Each structure stands twice: as C-alpha cells, then as structure tokens.
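Here the structure is laid out as structure tokens; the discussion comes afterwards.
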Amino acid sequence: MWVVKLGGSLCSDALLPQWLELLTQLGGGRIALVCGGGTLADEVRALQARWTVDDLAAHNMAVLAMVQNGYLLHGLAPQLQRVAREADIAPVLRRGGVALWMPLERLRDQADATTNWSVTGDSMALALAQRLNAERLVMVKSCAIDPQRSLEQLVADEVLDAAFARLARRAGLPIDLLCRDQVEVLRSLLLTGQRHGHVVSTEPNVGQLADSGY
C-alpha cells in the first residue's frame, strides 16, 4: 500500500485531471490519497493573522480545508472512495478501490504538539503512511525541486515543514517527491516500483521531502 499526497495547490492546476485519471487507473487496491489544503489553508493563515486566533482554531480550520479539497477531488473523480476514518482505508483497498482520506479524525478539542503550523498536510500524510505501515510515500507538489538541496536548505526554503523533517528521519519508508508535471514519473513508479531520483535520504530507506502548507 502506498500513500500519495497531492499538494493542495494542484486543486487549481490544469494538470489535476491527469493526476486523478492516473490514480484511478492504476491505484486501485494500493493507493491511499491525501489532498492538501492549498489556497483554502492559505486563507486560514491570513484570517489567523488578521484576528489573532490561536493555533488550535487555525489547525482545525486548515484540516477542514483539506477535507473541502477532498470533496473537490471526489467531485472530479467519483471513483475515489472517501474515508473519514483511517480504519476504513484498508477495507477500501481490499475491495480494489482508491481510498481518499478525509482527515476529520485530525480535528482537535485541545491543543497538542500537532496543532500548529509546523505540522502541515505533508507531515500528516507521512504520519498516516507510518501508521498504516505503507510501503512508500509519494509527495506531489507544484513547485520545482532542486535535488541538490539539502534537507536543511529545503526547510529554509519553506518547501518542508519542521515536523516533517524530524519525522522523516525515522520514517523507515521510501519517500519520493514529484513536481506537478511529472505524471508519467508516477505512472512509471506504479508500474515498476522503482524509486524516483528526487529523493533525499539520511538513512537507508528513509527520505525527507514534502511541500509546505496543509
């Protein structure tokens, strides 16, 4: 089983239908799909700055932004099967479907270490992959990535969130980072299982790459 995280910025990208077509064609029985919050999460940041609400409120708003974009993906590709509980992902995959995670379980009544902007949709996708014992995590984002940039440089560039870097060091699974126009690279990954070149690793079978924002 693989976890694929589509950056929320792809929700307004003309290439989005191609990604969804590929995932529904080749992802049945093997893909749990996570969508970021994109511009909706950006609006949460702006509203938090305007009204100075706390991080707990902003976290819940950003999680709901991810859920809203999940509904968009489902509207474009009804073959995707929405799941609100992690426990429902495996049954969907066993039936040959593609599970679209709607992370309502990540809403919180009390603040904790995850309810702040250091933990974005990418860290959530990584944590999900770890909890599900996924074979691989694939991150798809809109910006170009220089494979020569170190993890620390990617953090400084705000390509990665701080929590993802820490989690990825002990992830224990391959992590591939793809750009918006690399649909065919993911097709090759799904067909061959070979790792993509744009992976930063500090330990065997461990990578650290993600995009910023929920």
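The values are calculated or read from the model by the stated rules, or taken from the named source; none is laboratory data. What you see is a predicted model, and the numbers here were worked out from it, not measured in a lab. Cβ sites come from the backbone with ideal geometry, for glycine too, and all protein chains shown count toward neighbours.
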Test: residue in the stretch 2-12 that is among the aliphatic types (A, V, I, L, M), part of a helix (DSSP H, G or I) and modelled with pLDDT of 95 or more
yes
Which one is surrounded by the most Cβ atoms within 10 Å (Cβ to Cβ) among residues in the stretch 46-72 that are under 19 Å from Leu128 (Cα atoms) and among the aliphatic types (A, V, I, L, M)?
Ala62
Between a residue in the stretch 31-42 that is surrounded by fewer than 24 Cβ atoms within 10 Å (Cβ to Cβ) and any residue that is assigned to a helix (DSSP H, G or I) and of a type in the set (Ser, Thr, Tyr), which pairs come within a Cβ distance under 7 Å, given they are 6 or more apart or on different chains?
Thr39/Ser12
Given the conditions (1) hydrophobic (A, V, I, L, M, F, W, C); (2) in contact (Cβ under 8 Å) with a residue 24 or more places away in the chain; (3) farther than 30 Å from Ala111 by Cα, and given that Leu10 satisfies all but one, which numbered condition is not satisfied?
(3)
Determine whether the stretch 112-128 contains at least one residue that is touching an Asp or Glu at 6+ places or on another chain (Cβ under 8 Å), modelled with pLDDT under 95 and of a type in the set (A, V, I, L, M).
yes
Report, by residue number, each residue of the stretch 86-114 that is surrounded by 21 or more Cβ atoms within 10 Å (Cβ to Cβ) and not hydrophobic (A, V, I, L, M, F, W, C).
Pro103, Arg106
Selection status of Leu73, within 21 Å of Leu137 (Cβ to Cβ), in contact (Cβ under 8 Å) with a residue 40 or more places away in the chain and touching a strand residue (DSSP E or B) at 6+ places or on another chain (Cβ under 7 Å)
yes
Which one is modelled with the lowest pLDDT among residues in the stretch 163-209 that are acidic (Asp, Glu) and not in a loop (DSSP other than H, G, I, E, B)?
Glu203
Filter the stretch 131-162 down to residues that are outside any loop (DSSP other than H, G, I, E, B) and not polar (S, T, N, Q), then give me how many there are.
13
Residue set Trp101, Trp19; condition of a type in the set (Phe, Trp, Tyr) and under 21 Å from Gln130 (Cα atoms); output residue Trp101
